[in-house]
Amino acid sequence: MKLSFWFLDINTEKEDNRPEVQIWGITEDGKRVLLLDRGFVGSFFAIPRNLSPDEAARKISAIKGVEKTEITRRKHLGKEVDVIRVYVKDPDEIDEVAKRVSKMEFVEGCYGHDIRYSMQYMFEKGISPSGWFEVEVEEEKNRNARVDGIFRIIGDFKRVDKNYLPGLRIMAFHCVLIGEKGSPDPERDPVIAISVLGDDVRTFTGEEKEILSSFVNYISSFDPDIIFSYGANKRDWDYLVRRAKANGIYLDVGRVKSEPHTSVYGHVSVTGRANIDLMDFAEDLYEVKLKTLENVAEYLGLGRPDDIEEHELREMKEKGDIDSIAEFSRRRVYLIREIGDKFIEYAVQLSQIVGLPLDHVASAAVGFRVEWFIIREALGRGELIPQRKEVSAETYVGGMVLSPRPGIHSNVAVLDFASMYPNIMVLNNISPDTYIPPDEEVPQEECNIAPEVGHRFRKEPPGLYKEILRKLLSARKEIKEALAKVEENSAEHKLLAAREKAIKVIANATYGYCGWIGARWYMKPVAEATAAWGRYTIGKAMEIARKMGLEIIYGDTDSIFVKYDTGKVNKLLEEIKRELSLDIKLERIFKRIIFTEAKKRYAGLLEDGTIDVVGLEFVRGDWPKVARDAQKKVIEIVLTEENVENGIRRAKEYVSDLISKMKAGEIPLKHYIIWKEITKSAEEYKARAPHVEVARIMREKGWRVQPGDKVGYVVVKGSGKLYQRSLPYFMVSVEDVDIEYYIENQVIPAVMRVLSPLGVKELGVATGGLADFF
DNA sequence: GCTAAGGAGCTACCG
DNA sequence: ACCGGTAGCTCCTTAGCG
């Protein structure tokens, strides 16, 4: 029979010592199905040297674990080569076999053995997750799984052209874990509550064993396709599994009997379901500095629940106030679900484009998302997949940044090259497979030669990157055109917007990818040449602007800021396009804009009245709220006040008023917290610094502080270095705060940053410091 | 012995 | 576990002073 399904997830298992691919799908009429394939044999490729392919294949066939070999042709960085395809029956042995083959003196190298079995399967069969497929199957009667049907795959897959999702069953969950002291410890602290939200909401409290088994039961009866959480990959899943074990329960939440288990990219897999930790997507929200569930929900316009601190939860628990705890958890499980709704469309599109299952693509870092996309494209071109190599990092020169003209300017136009790096790569055919090593002689007219660095790339044939990027860029263009014709807020619009964003992310990361030493296609000259052409491009654009008599105020990598003169700017855009064959756009116009002496920092007022702050303290997460807010207010005043002197006067008044409030203790403690990330383990720090010292104090008090965590601290009164008088914020009350420090070292620098370019030398306000005394 | 200058270390930003 | 360019803080060492 033919089965048509939407591809949710894939994994491989061993059944009776034989590898089995398991594909989890959903049919048009809402049946959950499991498709099995035991017939697939994994393989890799070996390039022979100094020996005929026949002979090499014969010798390789004799190696233990090799099922069979075949001679075929592939491309190796664009060059056609004879290769031996080596099939290995047991997926667990493929690495070993490849290692043995690599060591044979007639083998130049092995390729593709480090591609996971399930990925090999998808590539070979021409399928990818999060899309619709049709395949010939037979019913499998002797197997058990929690689905509506189990089938053996007996035919080839056919892509079905459907552009919508099946009816997915989606649930969210939220756990309340409370540490007796410090961070909750699965060895000691029981699970207090779990909230689930599927087609109804439940909060399980009481006996831990009951909580956990209710959770398992809920999942098995609701049977979700997607499970949303916030932070569960790092914390909850492992905690729950361990607490379940302590209670003699098996946390059986998959579609076959299984516990959640750690898989690639720090991801936790739940067999047959897509486990999506929304914290992974929150990482992309760079505007949210502290990625708490509450902050992310607020940012996404979902409202903000009451902030409840750890110690408040602990007090609720001690008082036996289970109702408050349940309410806390229930509010959050709703938010998790709503955040999930905001991301699901994007996640599906990303999964389709990258070709990784929904749950994997969510947790994969940008570099791997790009890489899997490239792998799929490369295989389509008959390319071998390079192995990751251990290479040492070599730096190269990047983008060009202009020193700004400090001060306040009016009517400034920002001109941006559209997707500059990707377009430069396409234009010059920059790619690992078109790169010409220095020792190779190629006629100059057949090469594109990078400025400054001199790297050469073949003009023909089109390289891997060129084709990939051309596809992405044109797909994006088409989507943008379609978007303009579709009604906003419609389902179609959402889908297109999500797809457009997913494509943009991949295209823009390709340049960074090729200069990443962990990349399979790492090649420094590729990155270096792209950056060099970028500098050339922006330099040329500025030259043209100058010749036209336009005043250049600033520029960074792919943008130039010029005094806005409509006629000249339009002409400039045309001229640049003509001369450089790259698209440049008038991106925005600032009515007024302030630059300091520093690069990458400015604040401007746009025509629609919004204010854009770039690089300054206001957008930095490691400055306390009191200083950030003050700077924002001062920016608002001086940008919107027509008369600069009036603006300065009002700003000074505002700051003076704020300082009085600070001294009077009217500013809440929260506004004094400085958040900084702990980026490495304690031993690795060479310097004594406030946040490092605070992390140490927290650890002593039973908190788990790991690399990647942010610690919040406050500088308190006392003597000595800052690191000697910084404390975790929860150990401080507002009377302890060193207000002087915050005035002199936080608020004043932040506001002066904006005011000094306007000629303000000092605030002339009573700061309470030594200056006042004299 | 004190201080200003400058460098090292660090984090978070821009495009 | 995408890149390089950049600012600006805190801590710490050292050159310069006399």
Placing +1 on each Lys and Arg Cβ and -1 on each Asp and Glu Cβ in chain A, then taking the dipole about the Cα centre, the residue among A:Ile593, A:Tyr536, A:Ala172 whose Cα reaches farthest towards the positive end is A:Tyr536
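Compute, for chain A, the length of the dipole vector about the Cα centre, with Cβ point charges of +1 (Lys, Arg) and -1 (Asp, Glu) only. Units Debye, rounded to 20. Please report the intermediate quantities before stating the final value.
Values: 116 positive and 126 negative charges, 241 e Å.
The calculated dipole for chain A is roughly 1160 debye.
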Classify the range A:537-667: rounded, prolate or oblate, from the alpha-carbon gyration tensor (a ≥ b ≥ c, eigenvalue square roots; a/c under 1.5 rounded; otherwise prolate if a/b is larger than b/c)? prolate
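Restricting to chain A, compute how many DSSP beta bridges are antiparallel as a %, nearest 5.
Values: 102 of 114 bridges.
Bridges in chain A that DSSP calls antiparallel: roughly 90 percent.
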Ranked from fewest to most other Cβ atoms within 10 Å of their own Cβ, A:Ser220, A:Ser581, A:Ser214, A:Ser118 fall in the order A:Ser581, A:Ser220, A:Ser214, A:Ser118
When all alpha-carbon pairs of the range A:207-308 are counted, what percent fall beyond 20 Å? 45 percent
From the Cα trace of the range A:121-268, what convex hull volume per residue do you get, rounded to a whole Å³? 142 Å³
Running Debye on the range A:158-223 with equal point scatterers at the Cα sites and no solvent, what base-10 log of I(q)/I(0) appears at q = 0.11, 0.14, 0.17, 0.25 Å⁻¹? -0.39, -0.53, -0.67, -1.06
Note on the range A:242-396: C-alpha Rg/Rh, Kirkwood Rh, two decimals, gives 1.06
Interchain or long-range residues, amide H under 5 Å from A:Phe204's placed H: A:Ile194, A:Ser195, A:Val196
Pull up all non-local amide H partners of A:Arg592: gap of 5 or more, or a different chain, and H-to-H distance under 5 Å with H placed in the peptide plane. A:Asn411, A:Leu605
Computed over the range A:362-440, Cα set: Rg, Dmax in Å: 19.0, 56
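Relative to the compact-globule scaling 2.2 N^0.38 Å, provide the ratio for the alpha-carbon radius of gyration of the range A:24-165. Write down the numbers at each step before the final one.
Details: Rg = 18.6 Å, N = 142, 2.2 N^0.38 = 14.5 Å.
Taking the Cα Rg and dividing by 2.2 N^0.38 Å, one obtains 1.29.
Beta carbons within 10 angstrom, averaged per residue: use that to sort the peptides A:332-338, A:176-182, highest first.
Details: A:332-338: 21.9, A:176-182: 17.0.
The most tightly packed comes first, giving A:332-338, A:176-182.
Taking every pair of alpha-carbon atoms in the range A:77-133, give the share separated by more than 12 Å as a whole percent. Before the final figure, lay out the partial values.
On the way: 1171 of 1596 pairs.
When every Cα pair of the range A:77-133 is considered, 73 percent fall beyond 12 Å.
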Summing Lys, Arg as +1 and Asp, Glu as -1, what charge do residues with Cβ under 11 Å from the Cβ of A:Gly708 carry, A:Gly708 excluded? +1
Rank the residues A:Phe106, A:Phe7, A:Phe281 as a footprinting-exposure proxy: fewest other Cβ atoms within 10 Å of their Cβ go first. A:Phe106, A:Phe281, A:Phe7
Give the shape of the range A:392-547 as rounded, prolate or oblate, defined through the alpha-carbon gyration tensor: a ≥ b ≥ c are the square roots of its eigenvalues, a/c under 1.5 means rounded, and otherwise the shape is prolate if a/b is larger than b/c and oblate if not. oblate
Could you state the number of Å between the C-alpha centres of the range A:83-153 and the range A:341-388? 17 Å
In Hz, Karplus ³J(HN,Hα) per residue of the range A:52-57 (6.51, -1.76, 1.60; θ = phi - 60°; x = Gly, Pro): 5, x, 4, 5, 4, 4
Along the range A:178-185, Karplus-curve 3J(HN,Hα) (6.51, -1.76, 1.60; θ = phi - 60°) to the nearest Hz, with x for Gly and Pro, reads 10, x, 4, 9, x, 5, x, 10
Structure-based [θ]222 nm, chain A - -39500 (n - 2.57) summed over DSSP H runs of at least 4, per residue, nearest 500: -11500 deg cm²/dmol
List the residues, sorted by chain then number, that are 5 or more residues from A:Gly42 or on another chain and whose placed amide H is less than 5 Å from its amide H. A:Val88
If I histogram all Cα-Cα distances within chain A using bins 10 Å wide from 0, what percent of pairs lands in each bin? 2, 11, 18, 22, 21, 16, 8, 2, 0, 0
Semi-axes, largest first, in whole Å: what does sqrt of 5 times each Cα gyration tensor eigenvalue give for the range A:681-720? 18, 13, 9
Among A:Ile436, A:Asn448, A:Leu384 - extreme Cα towards positive end, dipole of the range A:373-471, charges at beta-carbon: A:Leu384
Karplus (6.51, -1.76, 1.60) ³J(HN,Hα), θ = phi - 60°, over the range A:465-470, in Hz, Gly and Pro reported as x: 5, 4, 5, 4, 5, 4
Please compute P(r) over all alpha-carbon pairs of the range A:617-774, binned at 5 Å starting from zero, and give each bin as a whole-number percent. 1, 9, 17, 19, 17, 14, 10, 7, 4, 1, 0, 0
Net charge around A:Arg188, counting only other residues with Cβ within less than 10 Å of its Cβ (Lys, Arg = +1; Asp, Glu = -1)? -3
Residues A:Arg588, A:Arg58, sorted so that the one with the fewest Cβ neighbours within 10 Å comes first: A:Arg58, A:Arg588
Just the Kirkwood number for the range A:300-365, please: inverse of mean 1/r across all distinct Cα pairs, in Å, one decimal. 14.3 Å
Provide the gained length on full extension for the span A:Gln444 to A:Lys99, in nm with one decimal, where the gain is 0.36 nm per separating residue minus the Cα-Cα distance. 120.1 nm
Cα pair distances in the range A:647-712, grouped into 5 Å bins until the bin that holds the longest one, percent each: 3, 15, 19, 15, 10, 10, 10, 10, 6, 2
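Read-outs throughout are calculated quantities, based only on the coordinates presented, and are distinct from any laboratory measurement. All values derive from a computational prediction rather than experimental measurement. As a convention, Cβ positions derive from the backbone with ideal geometry for all residues, glycine included, and neighbour counts pool all protein chains shown.
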